[in-house]
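The numbers here are math on the coordinates, done by the rules we state, and not lab data. The structure presented is a predicted model; accordingly, all values stated were derived computationally and were not measured. FYI the Cβ positions are ideal-geometry reconstructions off the backbone, even for glycines, and counts take in every protein chain you see.
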Amino acid sequence: MKRKTIALLLFILLFAAGRPRLGARDDEIWDQSLEKLSAMAALVDQNYFQPVETNKMAQESIKGMLQTLDPHSYFLDPDGFSRMFEEQKGKYFGIGTQIQKQEDRLVVIAPIEGGPCWRLGVLPGDVISHINGESTKPITSQDALDKLRGPKGSKVNITIARAGLDKPLELTITREEIPLFSVPYAFLLEGDVGYIFIRNFAETTGDEFKEKLDGLVKQGMKSLVLDLRGNPGGALIPSIEVVDEFLPKGDLVVSVRGRNRIYDREYRAQANNQYEKMPVVVLINQGSASASEIVAGAIMDHDRGLVLGEDSWGKGLVQTMFPVASNMAVALTIAKYYTPSGRCIQRDYSRLDDYLLDKVAADKPREVKFTSKGRKVLGEGGITPDIEVKATIRGYTVELRAQGAYFTYARKFFTHQTPLSQKFVFPQEAAGSGPVPAGKIQIGKVFVADAAVLSDFRDYVQANKLAFEAEAFKMCEPEIKRELEREVASAVWGLELGWRAFELSDVVIRKALEAMPDSAKLLN
């Protein structure tokens, strides 16, 4: 690249939507600014003690400029642009497996059914020790994903270490198109109460959500728990499509207003005769942001259902992508969005560390608005739920999870590699095999981590020299029980039923079930 790269990229950034018509004096200032930028690039290029990467300098210059604006205007380099494109489109090209870094091991959580890894027999619990001959020990999960993904039809070599095999498996895998489901879990919780989890908002979310709703209704669903916890947001339009399922045609979902009036717009529900009469409870927490807050805000402001959990993140800014190259773009904040009651839920970001780390509303009077039925709601600090329920997890429980203790134990339990598990008969083994042998325990439709299982797990932790503190273990037993029930259920019946086992004992879910009758009353 030439020495004017920085100035030219900044020119593209600032005037991606077209250079504004300025007065003569402004034109002069603009020309002087470009000359200064070009001169600075030339100075560095000519005088720095070693050759400079002008492309990298240009990208860092853009990042630095955007940081002076707000926390949500940012630059997408080629890697970031590729990841954003995959998330928004709901698909990527790769080998089709969920992975997780557990200490220095890159562990397969589950191969995606029908994908390349699944067809080649890759199993949950397999360790990917090398990618194209390079060890995975020093790299992060994101680095591994970047290495495993690539152009459709290209090949990648992976080395698999599997318990019980004398030598590693060497696999050459052809990358294929893999769907990224944004609505991964949907099932009945208890009775006729359904549950749907939305991970993020992508182009496919509206269709995925509609399909899950229709499927649960066929199973008898009469009310819904909509889980948006940890959902960081994403595309605007899919969030509107989700809300549209619950609001009558014409109801305002969200409005957008900015300094440039070309971005001002109101988004309203477009259809009737969907799920306008179904009671709904929406779950949020501090990880729920942006599009998630649009959904929760619309449900709350129209008194359409109850919102339960913790204060959401508080992102009320809207970004538009401006391409600056074929594989680079700038996400620039162009407006604020407002919930149907007229509130903007953006938190104060004047103190950036507080904004990024505290994730709570500022301790000052907040904007007050009112719902359709006159209930008071607050702005300028995220969505404050109708019913506050805090979910906590102790540090020791998290430490064992980070070490992969629950996942690895569950896989060993499922394959009868622990003393207790040798007494169990799993559904896959019992099918068509006749009566259960004397002294064996057959698992039916659920798995319960009772005292014997906890003791077996404790022995496993100690035998494998994982983090063990007797007092901490005793204190965390209820949390450890939930973790084990999820992982064993996932091993036996699959990830969705493992998630269901985990959620059924969740304090937030239990409170949502209790609150459903009150949500139904709002419909009257």
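Tabulated values for the structure
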quantity	calculated
Nearby aspartates and glutamates by direct alpha-carbon distance to Lys155 (threshold 14 angstrom, same-chain neighbours under 8 apart not counted)	Asp146, Glu170, Glu176, Glu177
Cα gyration tensor shape for the stretch 406-524, rounded if a/c is under 1.5, else prolate or oblate	oblate
Histogram of C-alpha separations across the stretch 134-244, 10 Å bin width, %	12, 29, 24, 23, 13, 0
Volume in Å³ per residue [convex hull over Cα atoms, computed for the chain]	200 Å³
Equivalent ellipsoid, the stretch 185-390 (semi-axes from 5 times Cα gyration tensor eigenvalues, Å)	27, 20, 17
Relative pair counts by distance (%), Cα atoms of the stretch 471-518, 5 Å bins	5, 22, 21, 18, 17, 12, 5, 1, 0
Links that overshoot a 18 Å alpha carbon limit, given the list Lys445/Lys511; Lys412/Lys481; Lys101/Lys137	Lys445/Lys511
Three semi-axes of the equivalent ellipsoid, the stretch 296-399, Cα gyration tensor, whole Å, largest first	26, 22, 14
Shape category assigned to the stretch 47-171 from the gyration tensor of Cα positions, a/c cut at 1.5	prolate
Potential extension, Met65-Glu469 segment - 0.36 nm per residue separation minus Cα distance	140.6 nm
For the stretch 181-270, convex hull volume per residue from C-alpha positions, Å³	101 Å³
Of Pro427, Leu497, Leu513, farthest towards positive along the dipole that unit charges on Lys, Arg, Asp, Glu beta carbons give the stretch 397-524	Pro427
Cα-Cα over 25 Å, subset of Lys147/Lys315; Lys89/Lys277; Lys56/Lys147; Lys315/Lys521; Lys167/Lys440; Lys222/Lys336	Lys147/Lys315; Lys89/Lys277; Lys315/Lys521; Lys167/Lys440; Lys222/Lys336
Nonlocal amide H pairs with Phe93, under 5 Å, H built at 1.01 Å	Gly150, Ile178
Calculated FRET value between Ala163 and Leu188, using beta carbons and R₀ = 30 Å, to 0.05	0.30
Expected 222 nm ellipticity per residue - DSSP helices of 4 or more, -39500 (n - 2.57), all of the chain, to 500	-11000 deg cm²/dmol
Candidate aspartates and glutamates - alpha carbon under 13 Å from Lys423, same-chain residues fewer than 8 apart omitted	Asp456
